[in-house]
Ligand code: NAP
Ligand code: HSE
């Protein structure tokens, strides 16, 4: 029996909380050895303490009163796995003020209030660990903070939402409908309590904010991120993309551009030979480009009970070591800089457009002219045989100024011969030698 004891209070016992409780049981001996302490689960906060849980735990551990944990002198470490901003923020603030250590997997909270909570932890002698908040089981926080610290990071880019990647994979590989694939992702525990966070790109944007602070040392917030989700991606778009040699993925891209920072989340066509094209289901992958190391790729399960528990329990071990050996958390913090965010209009991209147009002479010419007038040059064109006088046309541009593209698109929308604009997506990695 270890002489040191660390009392743990869990806030939340859903998908991730269940994974954490079961991992603490499965690997109990080695976890305690590595923590250098006996880890004692003292209390678990849930909304409904009568609900049946996947992991067998004594009923007396459950409470629906936060004060049973926050004001419990036997609890040294709070593990927050509730999700959402409030009341999680309020609880963690109280915990840190009373000198407790905190572990969280909450990216919403870390993106919005992470800077304040880290500062509070510093002032009150506590610490906050958040490896599970980005990339599920993939180590990203420590590698960015420590292992790559010698580099100037110029770009981070990848797939950082498991739910949307699962949906797009199931749609493109198995022909499953969007809604059915979403249901599967929810059943497997990948999706957020409010799945619009995943589908609309917000979850990836929260993670991009957390990662960009670590990678670029910038003080960017959610208001600085351009966010588009996958709601408009259809089976037809996936089919056309494949005909052109592409697949569609929800990408998160943070990069330095001429002294500015660009932070964007968007669905994009990606060449089938690109390494990210074969990242399927709940797997995530992140490329990091450093000026010394070059390109580094991180890959693994980005969502799910046990992969996320792997990150959370590792944080619990680190926090427990700090508590039991009275050592600093060692998580290097550097002051964040205000790096201006570049206006999207200045960015250069290639675009895919799918539309329905009247199939009659001159329509194609007017489309080409609308693009030509804005200096937008076309790279690939597909047209299916028309039905009832309406043709479906897919156009892919070369790299163009985004402002020019959107002006041309506005003019096209206003043409009487254009019946519907179905899909507008960026095309990523078409002309790039590197990733
Ligand atoms: P979840 O399954 O919805 O579980 C949430 C848990 O928190 C439930 O046990 C719920 O109690 C409890 N809870 C929520 N609000 C509460 C409140 N106001 N008062 C008391 N208890 C409350 O969520 P999850 O998927 O485990 O996610 C937890 C956190 O981990 C989120 O921040 C999420 O973004 C993050 N995360 C999730 C994954 C993943 O793959 N799921 C991966 C990485 C990070 P009841 O059970 O009684 O309802
Ligand atoms: N809902 C998130 C996802 C969970 O699908 O990636 C992991 O953060």
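Some observations on this one:
- Taking label points 7 Å from Cα along the Cα-to-Cβ direction, residue 56 and residue 194 give a separation of 3.8 nm.
- Helix 363-373 and the longest principal axis of the C-alpha atoms of the chain enclose an angle of approximately 70°.
- Computed log10 I(q)/I(0) for segment 147-301 at 0.15, 0.17, 0.19 Å⁻¹: -0.77, -0.96, -1.15, from the Debye equation with unit scatterers placed on every C-alpha and solvent omitted.
- Computed FRET value (nearest 0.05) for residue 47 with residue 97, which takes r as the C-beta separation and R₀ as 25 Å: 0.55
- Calculated P(r) of the chain - Cα pairs past 40 Å, %: 25
- The C-alpha radius of gyration of segment 345-433, expressed as a fraction of 2.2 N^0.38 Å, stands at 1.06.
- Taking all Cα pairs closer than 8 Å and separated by 6 or more residues, the relative contact order of segment 203-327 comes to 17 percent.
- Gyration tensor (alpha-carbon) shape descriptor, segment 242-289, a/c threshold 1.5: prolate
- Extension gain from residue 5 to residue 413, taking 0.36 nm per residue of separation minus the Cα-Cα distance: 140.3 nm
- Note: relative contact order over the chain, using C-alpha pairs below 8 Å and six or more positions apart, is 17 percent.
- Between residue 122 and residue 186, the C-beta separation translates, for a Förster distance of 30 Å, into a calculated FRET efficiency of about 0.20.
- Compared with the alpha-carbon gap, the fully stretched path from residue 236 to residue 343 is longer by 35.4 nm at 0.36 nm per residue.
- Placing a label point 7 Å from the Cα of residue 223 along the Cα-to-Cβ line, the residues of segment 317-359 whose backbone N sits under 16 Å from it are 338-343.
- For segment 345-433, relative contact order (Cα pairs under 8 Å, six or more residues apart, normalised by length) works out to 47 percent.
- Spin-label model, residue 27/residue 365: points 7 Å from Cα along the beta carbon direction are separated by 6.8 nm.
- Each 5 Å bin from zero up to the one holding the largest Cα-Cα distance in segment 190-276 carries the following percent of pairs: 3, 14, 21, 19, 18, 14, 7, 3, 0.
- By the equivalent-ellipsoid construction on the alpha carbon gyration tensor, segment 263-340 comes out with semi-axes of 31, 21, 12 Å, ordered largest to smallest.
- Residue-averaged [θ]222 nm for the chain, counting only DSSP H segments that reach four residues, each worth -39500 (n - 2.57): -10500 deg cm²/dmol
- On a per residue basis, the convex hull of the C-alpha atoms belonging to segment 1-108 measures out at 106 Å³.
Values in this text are rule-based calculations from the coordinates and carry no lab data. As the structure is a prediction and not an experimental result, all values here were calculated from the model. Counting neighbours? That spans all protein chains shown, and the Cβs are built from the backbone with ideal geometry, glycine included.
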